[in-house]
């Protein structure tokens, strides 16, 4: 394999956050010309174990390899269950000549990096510049819907464009965050949150006391999720007590939560007729709440 091809193969993995996955073992398979490669890679994020399976395909006309997709499995620290998602890297035709333009293709088609894929599986939104099936570019917040699975086994990816009305900078301004005073720190904070990171920020109380907390955007609420040092979410009431948010904002958030719950109930699919019949039969067999359950005597015949 020539040096140029190997350099391209390595740089493609770097761009997707898999620089450490370019191991001697993977390099050897590429040098052997294995047409389809599945390469496992593991990484730890603050106790969370991420297992990635990279799917690489060799070009039919050269030694270039293309990362078509990668499977991610997240095992949260202290939890028995895990979550999985496959992230696809689709090809899109661009002007140019074949392999010479291969690097440009890969750069345009990479949707999510390893870290962004982990952040999505950990329940946080990621802001991306994307390309629609029609070739139109657009920007959107992306978040996994863990309540709905698609036919391919993936969780549904919900998207919130600018039309949804979530403005991160405006939301941040509602919180007493010290980093917002400095324009450079503010932009770094915004960039990190857009990548889906659980970002540490300095909250300043009304008495001037400072507290380091973690934050993440909550797109549907139009607010921030705030976490303590143990990364446990802080309830809205406690944020009010600490005077990190006002009572007016707390009331708006409470109202928004109620609206979302009602919306979720409306969107919940109606049970099938057979399922409804079963439910009625079960309810009929259950004793009424105001009637005591009668114990069956030994003399009673059991059918």
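The values are calculated or read from the model by the stated rules, or taken from the named source; none is laboratory data. In this text the structure is predicted, and so the values were computed from the model without any measurement. All Cβ positions, glycine included, derive from the backbone under ideal geometry; neighbour counts span all protein chains shown.
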- line: Of 118, 87, the only residue that is in contact with a strand residue (DSSP E or B) (Cβ under 7 Å, 6 or more places away or on another chain), at pLDDT 90 or above, surrounded by 13 or more Cβ atoms within 10 Å (Cβ to Cβ) and outside any strand (DSSP E or B) is 118
statement: Among strands (runs of 3 or more DSSP E) entirely inside region 122-174, those with 1 or more residues being within 24 Å of residue 69 (Cβ to Cβ) and more than 14 Å from the chain's Cα centre (by Cα) are 126-131, 137-149
Flag if residue 33 is modelled with pLDDT of 95 or more, farther than 15 Å from residue 114 by Cα and assigned by TED's automatic domain parsing to the domain that holds residue 81: yes
field: residue 260 vs. criteria closer than 30 Å to residue 159 by Cβ and either at pLDDT 95 or above or touching a strand residue (DSSP E or B) at 6+ places or on another chain (Cβ under 9 Å) (or both)
entry: no
task: Check region 63-72 and report whether any residue there is in contact (Cβ under 8 Å) with a residue 24 or more places away in the chain, part of a loop (DSSP other than H, G, I, E, B) and in the same structural domain as residue 30 (by TED's automatic domain parsing).
output: yes
Of the criteria (1) over 25 Å from residue 268 (Cβ atoms); (2) in the same structural domain as residue 260 (by TED's automatic domain parsing); (3) touching a strand residue (DSSP E or B) at 6+ places or on another chain (Cβ under 7 Å), which one residue 218 fails: (1)
Residue 188 modelled with pLDDT of 95 or more and farther than 18 Å from residue 200 by Cβ: no
